[in-house]
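The structure appears right after this line, and notes come after that.
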Amino acid sequence: MTGFKALTIIFATAIFPALGDQTVFSSWEQDGSQWTTFPHPITRVAVIGAGPRGLQAAAHLLAANLSVRLFERAPSPGGNWFYTEETPVREAYPETNSTSSETLPKEFPVTQYYEEGDDSISLDERWTGHWQPRPVWYNMRTNSPGHSPDTPWLPSVHDVERNIRAYASLHGLNTNDKPFSPPYNPVTSYSTRVEAIQKCNETSTWTLTLRRLQWMPESHRLKADWWTEEFDAVVIAAGYYAKAYVPEIKGIGNWSKAMKNGQYSMIHSQAFRHPERYAGKNVLIVGASISATQISRTLAPFANRIIASIRPNKYRDAYGFDILLAFADKTEIVPEIASFEPLDSNDFGIRPGKIWLANGTIIDGIDEIILATGYRANSFLPNLVNNRTFDNLYWTGHYIDDPTLVYSLYGDPWTHAAYVSYAFAKVWTGKARLPSHERMWRDYQSGRYRFGTPLDVLLQEGLRKQYVAWLNSESLKLGGQFVEPLSLEARELLTYFVNAHYRKDWFSYENWTRFDDLPFSEWPKPGPPDGQQYKVVSW
């Protein structure tokens, strides 16, 4: 989970004036145009997800005078920064492919009511299963600096959440906000899960199947409303963290049932909330990414012993990513787990059990295990783009075979997503152009616009520069707001932060200025080969 960026940048780059009238496009390139065209005007757009990316997308699309609907399965905006004491429904051990116990109705709309224990599911489980409380803990802080003078150096999850709610309210996108202008059609629908997305080729529209869950306090029941809505275009900004991933390790199912004092001894990091639970205990963390390292530092003042089980990762090692994954000093690093030896009983926790490691050694005396092993992608996404690699997308985020579908899932969620959101609005209102379908595929297959991974900070800076050049060029020709690159002040701040918090002289301001001197013909540069250290980092 990455930290957020300058909130001063949020309000400086995310507010644009309304664009001009909608341009009517012809059908897909039948006129032989060098530009992508659409079969009919884009007037109604769905945005899925009310985190930083989705909120910005909705705000820009509304400013472009489009009809927008914003859907969010949580009861409030914030995405993964929406903190709650509620925890998700416990993950399956071993992992299953099932993502929902609900069956889609045969006809729409329809309303259902749930009582306690219906289908052997409690109301609380049904509610949290619907919206899935987010994987952030009470005293979590960002791993990148806040830029506003009145923001802490390392803002807390609560600081971030407040700023996101403020942004949502500023644009009329918070819960219960009413549209600013007639005909006052509702924009937001919270506690609403997108169950399916389908494209109708005959009408060139997208149909979303939707399900909203609401508490009925007077009867202590849950009300579920099912319906469908049609859109000309769809923005997917739902993020990566959809379903907890449980690794296939021999014996993990047996250990997952162990409990002590009414609590499971093995949990996924998505359910971690407070470190006090681990006071005086021996804790094993499985995983080596940002959640694992941050949880280790959060536990350090409380836990008696912290052990981290890490498996080799060429990708992480090639990029020098270990510099970001700073475990607490007291953390003992061990190899990956080979198996869990069966427990004699599940009633006394896991402390008596033995864990075999890949190198043949055994560890025991563990009181708690936290699986910081990542997540599976959202299951509702259309079966058009790989949900892990997000292939077949143009560098702008548009799905090449049908640019009425876009993904806002990469790059910085504030500075980068502001450009992305503005680009969607400009393209769909005829104020920016995409190359023809054939040209986009040629560019994609040649690797011309592959800007590396989020770890390639220089390549990601190249992607931002590409957006600035493209958007401003299109504004000169077709009208619209001009945008600015990442400020020099922001670059200096990030450079200082990396040197102060991770490793002195590891990242320098010249990392940025060297890229400034690269001509367009050299954008982007390829990433490092396997095994080669890449001494830059993305935020």
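Calculated FRET efficiency, D505 to S339, Cβ-Cβ distance, R0 = 51 Å: about 0.75 to the nearest 0.05. Among the listed pairs K426/K465; K199/K426; K106/K199, those whose Cα-Cα separation exceeds 20 Å are K199/K426.
Between D347 and E332, the modelled labels are 3.0 nm apart [label points 7 Å from Cα along Cα→Cβ]. If the cut-off is a Cα-Cα distance under 21 Å, which lysines reach K257, setting aside same-chain residues fewer than 8 apart in sequence? Reachable lysines: K243, K281, K354. If you keep only loop residues by DSSP, which GluC sites (Glu not before Pro) in the range 152-220 have at most 10 other Cβ atoms within 10 Å of their Cβ? Here the GluC sites (Glu not before Pro) that fit, given the DSSP loop and packing criteria, are E202, E218. Karplus-derived 3J(HN,Hα) values for the range 336-347, using 6.51 cos²θ - 1.76 cosθ + 1.60 with θ = phi - 60°, are 5, 7, 8, 6, 9, 5, x, 7, 6, 8, 9, 9 Hz; glycine and proline are entered as x. Placing +1 on each Lys and Arg Cβ and -1 on each Asp and Glu Cβ, with no other charges, gives the range 244-375 a dipole about its Cα centre of roughly 180 debye. Counting every other Cβ atom within 10 Å of each residue's Cβ, L476, L222 order from fewest to most as L476, L222. Taking only the Cα atoms of the range 244-375, the radius of gyration and Dmax are 14.0, 44 Å.
If you look at the Cα atoms of the range 136-185, you get an Rg and a Dmax of 14.5, 43 Å. For the range 231-278, trypsin sites (Lys or Arg not before Pro) meeting the loop criterion (DSSP other than H, G, I, E, B) and having at most 16 other Cβ atoms within 10 Å: K257. Of T37, T192, T142, the sequence from fewest to most neighbouring Cβ atoms within 10 angstrom is T37, T142, T192.
Ordering 282-295, 167-180, 437-450 by mean Cβ neighbour count within 10 Å, with the highest value first, yields 282-295, 167-180, 437-450.
Each reported figure results from applying straightforward, stated rules to the coordinates on display, with no laboratory input. Just so it is clear, the structure is predicted and the values come from calculations on it, not from any experiment. So basically every Cβ, Gly included, is an ideal-geometry build from the backbone, and we count neighbours across all protein chains shown.
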